Amino acid sequence: MLEKSLRDAITERRSDDRPYRMRPIPAGYLSLFRERAATLGGLVQLVSDTDREQLAAYAGSPLMVTCASGTRWPPVEIGSAEMEAPVVDHAELFVAGTPGDDALSRLRAGESISAVLLTATNIGLATCLLTEPLESRRAVIRTEVLGGTAYPHALLRVGWAPDTGAPPAVTSRCPVEDLVLPEHQ
Ligand SMILES: Cc1cc2nc3c(=O)[nH]c(=O)nc-3n(C[C@H](O)[C@H](O)[C@H](O)COP(=O)(O)O)c2cc1C
């Protein structure tokens, strides 16, 4: 049962903003992400190398995302005097979008993103959600990556976690009582 398998992944999923390994994601998994997002009224579009080049042409510089850890995408060698080896990130990047841009669309985007992240977790893939690039690049990402047919809501880094080092700790959560007013409980 789909809902149960996704529910079971909730306690396993966590943002992993480390650089990911160079290992492709099988095409069948990419299709599965698209199907699950579509079922919930959203879409996920893989950002291709061509998309990146077009973004570079239109936006003046390539679409580059930087996680809190300093991990950068697309895969570039980052060297510095302090680092012994360059950090190379091989994450795939997806744009999550919806055909509309109203409140219901945002709800559908959230549900679609959740389903994709949990599906990836069940497969054993690492994920990291990013919205910071949309603050300055939303319009160009809509045009160049989504062909103007959908509105972007978030970027998803997806890939294979490093096989060394401890995985990131599960992020602690506020108690539900701190978030929901008593009359709604
Ligand atoms: C809506 C949303 C947007 C986020 N955008 C970014 C981002 O732009 N850059 C980043 O490094 N992390 C981003 N994060 C990840 C958070 O900083 C944080 O690491 C994460 O949500 C921790 O909880 P988790 O492990 O349950 O995902 C985002 C998370 C959410 C939910």
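The values are calculated or read from the model by the stated rules, or taken from the named source; none is laboratory data. This structure is a prediction, so every number in the text was calculated from the model and none was measured. Heads up, the Cβs are rebuilt from the backbone with ideal geometry, glycines too, and the neighbour counts pull from every protein chain shown.
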Subset of the stretch 137-169 [assigned to a loop (DSSP other than H, G, I, E, B) and within 16 Å of the ligand (Cβ to nearest atom)]
Ala161, Ala166, Pro167, Pro168, Ala169
Pair list, Cβ < 6 Å and 6+ apart or interchain, from the stretch 114-138 residues that are over 19 Å from Val170 (Cβ atoms) and among the hydroxyl-bearing types (Ser, Thr, Tyr) to residues that are outside any helix (DSSP H, G or I) and within 12 Å of the ligand (Cβ to nearest atom)
Thr131/Ala154
Would you list the helices (runs of 4 or more DSSP H) that sit entirely within the stretch 1-103 and hold 3 or more residues that are at pLDDT below 95 and over 14 Å from Thr127 (Cα atoms)?
2-10, 49-59
Hey, can you tell me all the residues within the stretch 4-39 that are within 16 Å of the ligand (Cβ to nearest atom), of a type in the set (Lys, Arg) and within 14 Å of Ile113 (Cβ to Cβ)?
Arg13
Just for the stretch 96-129: of the residues that are surrounded by fewer than 19 Cβ atoms within 10 Å (Cβ to Cβ) and within 23 Å of Met22 (Cα to Cα), which one is nearest to the ligand (Cβ to nearest atom)?
Leu129
Ser172 passes all but one of the listed conditions (1) within 11 Å of the ligand (Cβ to nearest atom); (2) touching a residue at least 12 places away in the same chain (Cβ under 8 Å); the exception is number (2)
If we keep just the residues of the stretch 162-178 that are of a type in the set (A, V, I, L, M) and modelled with pLDDT of 85 or more, which is farthest from Arg13 (Cα to Cα)?
Ala166
With the condition kept exactly as written, say whether any residue in the stretch 126-136 is at pLDDT 95 or above and outside any helix (DSSP H, G or I).
yes
